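K.L.:
Starting off with a structure, shown below.
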Amino acid sequence: MLVLGLQKTTLLDYPGKVASTIFTGGCNFRCPFCHNRDLVFPPADAFSFSEEEILNHLIAKKKVLDGVCITGGEPTLHKDLPDFIKQIKDLGLLVKLDSNGTNPKMLEYLIQNKLVDYIAMDIKNCQEKYNDIACMINFDISPILDSVNLLKEGMVSYEFRTTIMKECHTKEDMLSIAKWLEGASAYYLQSYKESEQVINPIFSSHDLDTLQEFVNIIKPYIPNTNIRGVD
Ligand code: SF4
């Protein structure tokens with residue numbers, strides 16, 4: 001595992017839980033709105049944590065932690081992710097995984113072996129616009145479709161979530177996503193926020209009224225749809 005970051009305690013990353021967040025390096029997408037540039041394009045001299053350092057931290061803090069959030073980058077790129085998670089689960093901690101959904105086989109393995117308790121999967125946009133928004137050329141969306149179908153089977157708690165930008169997401173896109181994800185247990189619209197780490201800071205956020213309009217479009221298909229990240 002290439003671990004490039006560790007947030008020792010967070011109340012935000014794992015819904016309802018006190019967690020540590022582990023940031024893995026590398027991603028197979030190039031979303032221009034990504035706010036983790038140094039994880040997607042790690043500098044050659046990037047500091048990394050050994051597994052031992054991470055596990056020692058978790059052992060020291062396990063009395064105050066409910067769980068661990070593993071995010072990236074894209075954690076499922078790392079073949080040793082299941083072994084790493086197994087060591088975390090052996091400490092009695094819950095595991096939440098953030099994923100872009102490009103590795104449904106890894107997700108399936110983790111679910112079947114009870115190595116994850118919660119999965120948050122990004123939905124970048126409606127299917128027709130996936131190539132554009134992830135900055136991929138001729139990207140085959142079928143792994144994303146497989147991951148959505150896998151999570152909708154409900155064998156693990158999950159949420160879908162979309163970072164919403166004014167330049168990329170329209171009412172029509174929201175309706176298309178809603179029909180695609182119909183019946184999902186939870187869907188969050190996360191308002192885009194600019195930061196120093198954004199790969200290409202050319203985007204802006206919708207106002208709250210527009211986001212609420214989007215929620216109203218989606219709710220008939222996914223009743224548990226909410227806005228996240230608006231102050
Ligand atoms: S937003 Fe997620 S999927 Fe996209 S480049 Fe960043 S880490 Fe990768």
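The values are calculated or read from the model by the stated rules, or taken from the named source; none is laboratory data. These figures come from a predicted structure and were not determined experimentally. Using ideal geometry, Cβ is built from the backbone for each residue, glycine included, and neighbour counts are taken over all protein chains shown. Note: areas computed on protein heavy atoms with side chains; ligands, DNA, RNA excluded. Shrake-Rupley method; radii C 1.70, N 1.55, O 1.52, S 1.80 Å.
K.L.:
I need two numbers for segment 168-230: Rg to one decimal and Dmax as a whole number, Cα atoms only, in Å.
P.N.:
12.5, 37
K.L.:
Can you flag which of LYS96/LYS124; LYS61/LYS219; LYS62/LYS219; LYS124/LYS152; LYS61/LYS96; LYS124/LYS219 are past 28 Å Cα-Cα?
P.N.:
LYS61/LYS219; LYS62/LYS219
K.L.:
Same structure, new question: I want the antiparallel fraction of DSSP beta bridges within the chain, as a percent rounded to 5.
P.N.:
20
K.L.:
Here is a follow-up. Calculated FRET efficiency, GLU213 and LYS152, Cβ-Cβ r, R0 22 Å, to nearest 0.05? Walk me through the numbers before you get to the answer.
P.N.:
Numbers: r = 25 Å, r/R0 = 1.14.
About 0.30, to the nearest 0.05.
K.L.:
Just report the Cα centroid separation between segment 36-87 and segment 99-176, whole Å.
P.N.:
Their Cα centres are 21 Å away from one another.
K.L.:
Okay, next question. Run the helix sum for the chain: -39,500 (n - 2.57) per DSSP H stretch of 4+ residues, divided by residue count, reported at 222 nm to the nearest 500 deg cm²/dmol.
P.N.:
Rounded to the nearest 500, the figure is -8500 deg cm²/dmol.
K.L.:
Kirkwood-based Rg over Rh for segment 103-143 (C-alpha set), two decimals?
P.N.:
1.08
K.L.:
Scan around TYR192 for amide H atoms under 5 Å from its own, H built in the peptide plane at 1.01 Å from N, and keep only partners 5 or more places away or cross-chain.
P.N.:
Placed amide hydrogens put ILE164, HIS206 under 5 Å from TYR192.
K.L.:
Compute a Gaussian network model of the chain, connecting alpha carbons closer than 10 Å, and tell me which residue from SER176, SER195, SER205 fluctuates the most.
P.N.:
Maximum fluctuation in the GNM of the chain, among the listed residues, is at SER195.
K.L.:
While we're looking at this one, here's another question. Taking every pair of alpha-carbon atoms in the chain, give the share separated by more than 29 Å as a whole percent.
P.N.:
Every Cα pair in the chain considered, those over 29 Å come to 25 percent.
K.L.:
Of all the accessible heavy-atom surface of segment 122-198, with the other protein chains kept in place and a 1.4 Å probe, what percent is carbon and sulfur?
P.N.:
That fraction is 46 percent.
K.L.:
Towards the positive end of the charge dipole of segment 34-74, with charges on Cβ (+1 Lys, Arg; -1 Asp, Glu), say which of ALA46, GLY67, CYS34 has the farthest Cα.
P.N.:
GLY67
K.L.:
Which percent of the Cα-Cα distances in segment 103-231 go past 24 Å? List each step's numbers first, then the result.
P.N.:
On the way: 2478 of 8256 pairs.
Tail of the P(r) past 24 Å holds 30 percent of the pairs.
K.L.:
Express the accessible area of segment 17-152 per residue in Å², computed with a 1.4 Å probe while the remaining protein chains stay in the model. It would help to have the intermediate numbers written out before the result.
P.N.:
Values: 6140 Å² over 136 residues.
Averaged over the residues of segment 17-152, the accessible area is 45 Å².
K.L.:
While we're looking at this one, here's another question. Of the accessible area of segment 1-80, with the probe set at 1.4 angstrom, what percent is carbon plus sulfur?
P.N.:
So the carbon and sulfur contribution to the accessible surface is 55 percent.
K.L.:
Determine the relative contact order of segment 3-228: mean sequence separation of Cα pairs under 8 Å and six or more apart, normalised by residue count, in whole percent. Intermediate values should be presented prior to the final figure.
P.N.:
Values: 419 pairs, mean separation 42.8, N = 226.
Relative contact order of segment 3-228: 19 percent.
K.L.:
Compute the length gained on full extension between GLU128 and LYS179: take 0.36 nm times their separation in residues and subtract their Cα-Cα distance, giving the result in nm to one decimal.
P.N.:
Extra length from GLU128 to LYS179 when fully extended: 17.1 nm.
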